[in-house]
Amino acid sequence: MTLIKSISGIRGTIGGKPGEGLSPVDVVKYTSAYAAWAIEQSAGDKVKIVVGRDARISGPMVSSLVIATLTGMGCDVVNIGMATTPTTEIAVVSEHAQGGLILTASHNPKQWNALKLLNSSGEFLNAAEGEKVLSLAETGDFSYAEVDDLGTVSEKDYMQVHVQKILGLELVDTNAIKAAGFSVAVDAVNSVGGIAMPALLKALGVKNVIEINCEPTGHFAHTPEPVPENLVETSETIRSSQVDLGFVVDPDVDRLVVISEDGSMFNEEYTLVAVSDYVLNHTPGNTVSNLSSSRALRDVTESHGQRYSASAVGEVNVVAKMKETGAVIGGEGNGGVIYPASHYGRDALAGAALFLSHLAKSGKKCSELRRSYPDYFISKNKIELTPGIDVGALLEKLKDKYAGEQITDIDGVKIDFPDSWVHLRKSNTEAIIRIYAEAKTEASARELAVQVINDIKNLV
């Protein structure tokens, strides 16, 4: 059993004793603390909270506990049922709610679930807000409502609201998409994307939609993280179906992966690159991604004469940097596209609509579009920490060793070389250092990672 408590939410496996997994007791405890935080923010006004969930098996149980707890705390609840993470974020703003709870463990397997916490802007809590919720949970410094002050529950469906919001974006060109006569496959790994993605594609005017694993049963047909090793069968299905491209989403639909018509991976890092290229073609402005994302975005941004900035890892950090720099597009290299013209949150629906508009106007095949971008390869590695090791001192030694290179230390240490980079971060949940390296070839990326791993061993 596992229970992970962080500023962005509470994640754990279902079952086990309280405190060892995401048990009913833990769901009530952390929901109560979140409600108490929201009540503090409301300055005496009645608090409204939006609740949405993905399709995983534990969803109805967790949702029932969350909604009952919120009403027990005196909060009114807008239950939007099965909904994507970006749909829930949009609903918070539309409802003028004080916050939202998304019940999803994102790309984790079926035994996991989580409480993801939103503020009144439909964005994830920042560090100070998240720490406050965790503190309230530990101290139990909250009380439940008297009988006359219990909250109410209303139910709404926001899926079509989200779809219509996407259709209304200026850069989403439904006429070009319809004229292209696309056939598109979508693998929604048996979660809420199976409802949202086909609805969006049909509304965009896609000629033919091939649905793969779109029944929202929560029984995931494959390991739900949309990475190449989990998509072998999906890639073959897309190749053999003779479609123009395929989209794959994770269970809560905030990550978008593209598979080309020949079954080759467009590469999750390049979802944001392609969408950003399209946006910058029409809207000059800055871009942002996190430190562990591909340099290809920087290259494309600078080719448009614009400025790229990097943030610390984490969606809340990307959003903060985007606001600071006035970025017109940004996101994360895991297929997470954040388009401020829609809202400040990773959104696979917005990403898909912008990608199809780009592809339609380019006149290229999907594989040809991918070849138009610079090639980079990322090698992802980790090294286990020995007990008592001073990670801070170790990273300082690495900074000294590579003092002649460009160093960024806002989140671990990133070392930029002329044609490559390496990023080292201590995990918040495991006794490891994550080491991501990127270079122009797979071999070079691996060699750079091994070089830095050896440096660490020699410095310890």
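Throughout, read-outs are computed from the coordinates displayed, never taken from laboratory work. What you see is a predicted model; the values in this text were computed from it and never measured. Using ideal geometry, Cβ is built from the backbone for each residue, glycine included, and neighbour counts are taken over all protein chains shown.
Convex hull of alpha carbon positions in region 322-376: directionally averaged projected area 4.6 nm².
For Lys5, the shell of other residues with beta-carbons less than 11 Å away shows a net charge of -1, using +1 for Lys and Arg and -1 for Asp and Glu.
Annotation: amide H of Ile432 within the under-5 Å range of Leu385, Ser427, sequence separation 5 or more or interchain, hydrogens built in the peptide plane. Taking amide H as placed 1.01 Å from N in the peptide plane, the amide H of Glu215 sits under 5 Å from that of Asn190, each at least 5 places away or on another chain.
Round to a whole angstrom and tell me the spacing of the C-alpha centers of region 163-240 and region 368-408. Value for the Cα centre distance between the two parts: 34 Å. With an 8 Å Cα cut-off and a minimum separation of 6 or more residues, compute the relative contact order for the chain in percent. Contact order relative to length: 12 percent.
Scalar couplings 3J(HN,Hα) for region 25-36, obtained by applying the Karplus form with A = 6.51, B = -1.76, C = 1.60 to θ = phi - 60°, are 4, 5, 4, 5, 4, 7, 5, 4, 5, 5, 4, 4 Hz; x denotes Gly and Pro.
Based on the mean of other Cβ atoms within 10 Å per residue, sort peptides 242-255, 349-362, 176-189, 1-14 so the most packed one is first.
Final packing ranking: 242-255, 349-362, 176-189, 1-14.
Cα centroid separation, region 1-70 to region 98-150: 6 Å.
Less than 25 Å apart at the alpha-carbon level, and either on another chain or at least 8 residues along: which lysines does that give for Lys207? Partners within reach: Lys165, Lys178, Lys361, Lys364, Lys365. Near Ile210, the amide H atoms lying under 5 Å from its own belong to Val184, Ala185, Val186; only residues 5 or more places off or on other chains count, and H is placed 1.01 Å from N.
Working note: Karplus 6.51/-1.76/1.60 with θ = phi - 60° gives region 408-424 the couplings 10, 10, 6, 7, x, 9, 10, 10, 9, 9, x, 10, 6, 7, 9, 10, 10 Hz, where Gly and Pro are set to x. 3J(HN,Hα) along region 353-359, derived from phi through the Karplus expression 6.51 cos²θ - 1.76 cosθ + 1.60 where θ = phi - 60°, amounts to 5, 5, 5, 5, 4, 4, 5 Hz, with x in place of Gly and Pro. Summarising the overall dimensions of region 3-157 from its C-alpha atoms, the Rg and Dmax are 13.8, 41 angstrom. When only C-alpha pairs under 8 Å and at least 6 residues apart count, what is the relative contact order of region 162-371, in percent? Worked out over region 162-371, it gives 21 percent.
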